Amino acid sequence: MRKITATALMTALALMGSPAMARELATLTRLDASTVELRRDDTGVQSGPMTVWISADTVLDKGDRRFATASEDATLKLPIAATDRRYVILEGKGGKGRTVVAERALPLQQGSNFRDVGGYVTKDGHTVKWDKAFRSGAMPLLTDADYALLGQLGIGNVVDLRSIEEREVAPDQLDDKLGALFIANDYSLKPLMAKMGQGGGENMYAGMEKMLAPQFRSLFRRLIADEGAVVYHCSAGQDRTGMATALLYDVLGVDRETILKDYHLSTELRRTQFEMPKVDPKDYPNNPILKYYVAGEDGKPRKAEPLYTPSGASHLAQFFTYLDKEYGGSEAYLRTLGFTDADFAKLRKTMLD
């Protein structure tokens, strides 16, 4: 595993900008199997007393449970079980300043890096909707309880960004379990891994947008279609999935500092032991993904690597610089895939409050 020195880490933070919090009006963090912590921004629309509701969906209605009235607490502990997808709705006096918040990282028993893309505030004041799109690592070892939780999300589409070799060893089951549409584009992982291995670890994503054009096109088509929630993933849920998420956030208007902060959450949220089933590599002698996963000490899976270059730059920060130079930004790149003004308008209408 590549190690990052203190100097390199400081350089990375400098390249990312100031280490401010990502723009969220409120957050839910799981404390244990039955409790979450609500933390709200005490400035702007979230300042002052708020009524706190626990809801089974993102709409406040008569069936919702009022947990607190006129609360001014910056943090609250709420009784929400890990088995239930619940939403907390904050409402100011007279119904003003209403905000919906959910758990970003879903509490799966044997999932890796599965999280909702919703909740971030855009530069023009909109909020990315919850439960419209989810990103993840591979999901070969999900439990029945995991499938039960994911079954509450209204998932209509699974877009698998992985190669033929990855899908061969760890095929998706989520679409079959939930009756969702499954989409994947066939390609070999070997050229992609060779590309990522060039340049001494610098500008690792440059050029990958061409190799992954079919995958990104499929993903954005499903998001724009708005036919149920979309789950999209690769093996680790950090590189290909991170690039796709960055493109989405950038087009929606989330500031890049927030995008970078979200991208780097993958390091702490990955659980590599659940990204690959236990198989005998001898049964797949030419499969490059297995060689990667068994390359750790004593045959153990690799640990999640921080997403920085040897010089300390964020891989995604470098990719943004490359996109801006080569295409004029994320939206301009997506136009080369055939997307139009009408598509972007539909995407924003679908994904933003």
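The values are calculated or read from the model by the stated rules, or taken from the named source; none is laboratory data. Just so it is clear, the structure is predicted and the values come from calculations on it, not from any experiment. Don't worry about glycine lacking a Cβ; one is built from the backbone with ideal geometry, like all the others, and counts go over all protein chains shown. With ligands, DNA and RNA removed, areas are computed over all heavy atoms of the protein, side chains included. Shrake-Rupley method; radii C 1.70, N 1.55, O 1.52, S 1.80 Å.
Please indicate, with yes or no, whether at least one residue in the stretch 211-219 is surrounded by 22 or more Cβ atoms within 10 Å (Cβ to Cβ) and touching a residue at least 60 places away in the same chain (Cβ under 8 Å).
Within the stretch 211-219, one or more residues are surrounded by 22 or more Cβ atoms within 10 Å (Cβ to Cβ) and touching a residue at least 60 places away in the same chain (Cβ under 8 Å).
Among what's in the stretch 162-210 and is surrounded by 18 or more Cβ atoms within 10 Å (Cβ to Cβ) and among the hydroxyl-bearing types (Ser, Thr, Tyr), pick the residue that is nearest to the chain's Cα centre (by Cα).
Of everything passing the filter in the stretch 162-210, Tyr205 is nearest to the chain's Cα centre (by Cα).
Taking the stretch 178-191 as the region of interest, how many residues are within 14 Å of Ser136 (Cβ to Cβ) and either free of Cβ contacts under 8 Å to residues at least 12 places away in the same chain or assigned to a helix (DSSP H, G or I) (or both)?
1
Open to solvent by less than 30 Å² (accessible area, probe 1.4 Å) and either of a type in the set (Phe, Trp, Tyr) or not in a strand (DSSP E or B) (or both): is that true of Tyr147 in this structure? Steps first, answer last, please.
Values: open to solvent by less than 30 Å² (accessible area, probe 1.4 Å): yes; either of a type in the set (Phe, Trp, Tyr) or not in a strand (DSSP E or B) (or both): yes.
It is true that Tyr147 is open to solvent by less than 30 Å² (accessible area, probe 1.4 Å) and either of a type in the set (Phe, Trp, Tyr) or not in a strand (DSSP E or B) (or both).
Could you count how many residues in the stretch 108-125 are assigned to a loop (DSSP other than H, G, I, E, B) and open to solvent by less than 40 Å² (accessible area, probe 1.4 Å)? Give the derivation first.
Within the stretch 108-125, the first condition is being assigned to a loop (DSSP other than H, G, I, E, B), and the residues that meet it are 108-114, 117-119, 123-125.
Filter once more, so that each one left must be open to solvent by less than 40 Å² (accessible area, probe 1.4 Å): 108, 111-114, 117-119.
Adding up the residues that qualify gives 8.
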